[in-house]
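Reviewing the structure listed below.
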Amino acid sequence: MEQTGRTPDATPLRIVVGGALIRDGRVLAARRSAPAPVAGRWEFPGGKAEPGETEAQTLERELLEELGVRARALRRLPGAWTVRPGLELRFWAAELLAGEPSPLADHDELRWLGAAELDSVDWIEHDREVLPHVAELLAPADDAQAAG
Ligand SMILES: Nc1nc2c([nH]c(=O)n2[C@H]2C[C@H](O)[C@@H](COP(=O)(O)OP(=O)(O)OP(=O)(O)O)O2)c(=O)[nH]1
């Protein structure tokens with residue numbers, strides 16, 4: 001689906017896609033190195049859609065540019081957040097097809113987090129709100145396995 005929407009005041013709506021990249025029951029978290037308001041906070045790697053791109057294409061391009069990996073966007077997660085007027089953040093689940101992620105651009109650290117570790121990093125607020133949906137994509141937490 002091409003992104004050509006507009007906000008109610010007719011500002012063109014640009015979409016940012018963040019990717020919950022899953023491998024072996026863990027999700028990749030990335031620590032932003034810039035800009036200042038979000039530097040040091042953790043997010044799902046991704047970026048802004050270019051004109052004519054689908055959300056899946058945006059995510060797959062951004063993951064290649066930022067992490068050097070080939071990935072496939074699987075499905076959109078529920079919810080949408082306004083980063084600032086005219087910029088709407090959405091999240092997708094994605095799977096790693098090839099390559100080992102490296103923080104090539106925008107990030108200075110990467111971590112694979114299991115379900116029990118999702119709270120262990122300082123997420124950007126919007127990202128924190130999507131964590132329950134991300135948790136559903138991961139292997140059960142160790143303590144849940146031990147309990148049952
Ligand atoms: N990529 C990404 N951006 C997020 C997340 N959560 C969140 O609030 N944001 C915000 C931070 C930025 O203000 C904006 C996305 O900008 P970006 O810098 O990632 O976009 P981009 O790679 O296309 O960069 P550029 O065009 O500005 O150079 O959305 C997230 O999980 N992933």
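The values are calculated or read from the model by the stated rules, or taken from the named source; none is laboratory data. Just so you know, these numbers come straight off a predicted model, no measurement behind them. Here Cβ is always computed from backbone atoms with ideal geometry, including for glycine, and neighbour counts include all displayed protein chains. Ligands, DNA and RNA are excluded from the accessible area calculation, which covers all protein heavy atoms including side chains. Shrake-Rupley method; radii C 1.70, N 1.55, O 1.52, S 1.80 Å.
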Inset, instruction - Taking the options Pro103, Pro78, name whichever one is in a loop (DSSP other than H, G, I, E, B) and within 13 Å of the chain's Cα centre (by Cα). - result: Pro78
Legend entry - When residues of segment 35-48 are limited to those that are open to solvent by less than 60 Å² (accessible area, probe 1.4 Å) and more than 8 Å from the ligand (Cβ to nearest atom), the one nearest to Glu100 (Cα to Cα): Trp42
Inset, instruction - Given the conditions (1) within 14 Å of the ligand (Cβ to nearest atom); (2) among the aliphatic types (A, V, I, L, M); (3) within 24 Å of Glu117 (Cα to Cα), report the number of the one that Ile15 does not fulfil. - result: (3)
Legend entry - Odd one out for Leu64 among (1) surrounded by 15 or more Cβ atoms within 10 Å (Cβ to Cβ); (2) of a type in the set (A, V, I, L, M); (3) more than 8 Å from the ligand (Cβ to nearest atom): (1)
Legend entry - Enumeration of residues in segment 67-83 that are open to solvent by 40 Å² or more (accessible area, probe 1.4 Å) and within 14 Å of the ligand (Cβ to nearest atom): Arg76, Ala80, Thr82, Val83
